[in-house]
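The values are calculated or read from the model by the stated rules, or taken from the named source; none is laboratory data. Computed from a predicted model, the values in this text were never measured in an experiment. We place every Cβ from the backbone using ideal geometry, glycine too, and count neighbours over all the protein chains shown. We work out accessible area using only protein heavy atoms, side chains counted, and drop any ligands, DNA or RNA first. Shrake-Rupley method; radii C 1.70, N 1.55, O 1.52, S 1.80 Å.
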Amino acid sequence: MGTEAERQDTRKAMAFDLISIIDEKPEKESYSAEEVKKLIRVYVNTADQK
């Protein structure tokens with residue numbers, strides 16, 4: 001399960017990864033709620049495949 005510090009590090013890493021994904025398309029200035037949800041779903045699903 002991990003320590004609280006490990007869980008916090010994991011959350012921070014996930015947030016950083018999602019920011020990096022969003023930054024891959026600098027021409028896109030905003031995302032809808034549905035687009036953000038889709039990004040999170042794809043991120044989680046592909047993270048399980050590693």
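A few remarks follow.
- Among the residues making up the range 17-50, those that are of a type outside the set (A, V, I, L, M), surrounded by 10 or more Cβ atoms within 10 Å (Cβ to Cβ) and in a helix (DSSP H, G or I) are ASP17, GLU35, LYS37, LYS38, ARG41, TYR43.
- Pairing residues of the range 28-44 that are within 11 Å of LEU18 (Cβ to Cβ) with residues that are open to solvent by 70 Å² or more (accessible area, probe 1.4 Å), at Cβ distances under 8 Å and at least 6 apart in sequence or on separate chains, gives TYR43/MET14.
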